[in-house]
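Following: one structure in structure tokens, then a few remarks.
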Amino acid sequence: MADYIHVPAGAPAVHKLDVTVDEQDFRTGSLKLIKRLRPHWKPSEVKMKMFTDGITNKLFGCYVGEAMEDMVLVRIYGHKTELFVDRDNEVKSFRVLQAHKCAPRLYCTFNNGLCYEFMQGTALDPEHIRQSQFFRLIARQLAKYHAIHAHNGWVPKSNLWLKMGKYFSLIPTEFEDTALNLRFEREVPSSRKLQEEMGWMKESLSDLGSPVVLCHNDLLCKNIIFNENGSECCSCNLKLLFCMFF
């Protein structure tokens, strides 16, 4: 992790739209976005598909007709996720990856989210990534990520421990719900135990001299999209894309 991310010259500009999408009434706000992004679409014909693989954010697609090739993905940021996710750096990272053909097109940001291109393909499962056909592609694509110079010649410094400290400051100590609180006490290690483990990690890892590179940081199986009809991965007729659902 590093604070400074340099967006290369010539990267497409990303418009910021003054629109807020309500999680409970996302169609109304989404249609305001679609009016700007797909002005030729009739609002009455716009369909919406909800995706359920995100952990903290709401993600759904807007499209017309039966085919979904031109679907626009709308991601609504999760409640209070701005406390631990730097949204400005997230957009910069997205633009850097897009410039290197490692991410879909970012259409715009809005007050509480962003819109980007839908990529056709299959979200992988654990049984997929055990197969050499897939894990070799994953390794190659990750190597491509790690080789991207996103700091304009500056040697980045890790802010991992600063970020981890921030996470710890946000950890609750108890919950009002009795059942939830009992589960929390039973299944989650104490703050003291976690702090001890982080101290051990910091002591063990800080002096390794490992370079700070651009990483995905949320590589769940469902964030890996495979399209056998693509043509951008190595010498074979395959395409692999890492997505960010959070």
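The values are calculated or read from the model by the stated rules, or taken from the named source; none is laboratory data. The model shown is predicted, which means the values in this text are computed figures rather than measured ones. Heads up, the Cβs are rebuilt from the backbone with ideal geometry, glycines too, and the neighbour counts pull from every protein chain shown. Each accessible area value is taken on the protein alone, full model and side chains, heavy atoms only, with ligands, DNA and RNA left out. Shrake-Rupley method; radii C 1.70, N 1.55, O 1.52, S 1.80 Å.
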Problem - Summed side-chain charge close to Ser169 - residues other than Ser169 whose Cβ falls under 15 Å, Lys, Arg +1, Asp, Glu -1 - result: +3
Fill in the blank from the handout: Dividing the mean separation of Cα pairs under 8 Å (6+ apart) by the residue count of the stretch 4-124 yields a relative contact order in percent of 31
Completion exercise
In the neighbourhood of Asn181 defined by beta carbon distances under 15 Å, the net charge of the other residues (Lys, Arg +1; Asp, Glu -1) is -3
Exercise for the section: Taking the Cα centre of the stretch 1-102 as origin, work out the dipole magnitude from +1 charges on Lys and Arg Cβ and -1 charges on Asp and Glu Cβ, in debye rounded to 20. Expected result: 280
Exercise for the section: Identify the residues of the stretch 40-81 with backbone N under 19 Å of a label point that sits 7 angstrom from the Cα of Arg183 along the Cα-to-Cβ direction, or state none. Expected result: 53-57, 79
Fill in the blank from the handout: Among beta bridges assigned by DSSP with both residues in the chain, the antiparallel ones amount in percent, to the nearest 5, to 90
Problem - Anisotropy class of the stretch 89-166 from Cα gyration tensor, a/c 1.5 cut - result: oblate
Handout entry: Whole-number percent relative contact order across the stretch 73-193, with pairs defined as alpha carbons under 8 Å at least 6 apart
Key = 21
Exercise for the section: In a Gaussian network model over the chain where Cα atoms closer than 10 Å are linked, find which of Arg186, Arg95, Arg75 has the largest mean-square fluctuation. Expected result: Arg186
Practice task
Report the local net charge at Phe118: Lys and Arg +1, Asp and Glu -1, summed over other residues whose C-beta lies under 9 Å from its C-beta.
Solution key: -3
Problem - Ranking by accessible area, most exposed first, for Tyr145, Tyr63 with a 1.4 Å probe - result: Tyr63, Tyr145
Practice task
Please sort 21-33, 193-205, 167-179 by packing, taking for each peptide the average over its residues of neighbouring beta carbons within 10 angstrom, highest first.
Solution key: 21-33, 193-205, 167-179
Completion exercise
So for R0 = 35 Å, FRET eff. of Ile148-Ser44 from the Cβ-Cβ r, to 0.05, ends up at 0.25
Exercise for the section: Before rounding to the nearest 500, sum -39500 (n - 2.57) across all DSSP H runs of length at least 4 in the chain and divide by the residue total; then give [θ] at 222 nm in deg cm²/dmol. Expected result: -10000 deg cm²/dmol
Completion exercise
Long-range share for the chain, i.e. C-alpha pairs more than 23 Å apart as a percent of all pairs, stands at 60
Handout entry: Length released on extending from Arg36 to Gln195, taking residue separation times 0.36 nm less the Cα-Cα span
Key = 52.5 nm
Problem - Over the stretch 101-215: Rg over Rh, Cα atoms, Kirkwood Rh - result: 1.05
Exercise for the section: Would you mind computing, in nm to one decimal, how far apart the modelled labels at Ala67 and Tyr167 are, each placed 7 Å from Cα along Cα→Cβ? Expected result: 4.3
Exercise for the section: Can you tell me the relative contact order of the chain? Whole percent, Cα pairs under 8 Å, sequence separation 6 or more. Expected result: 24
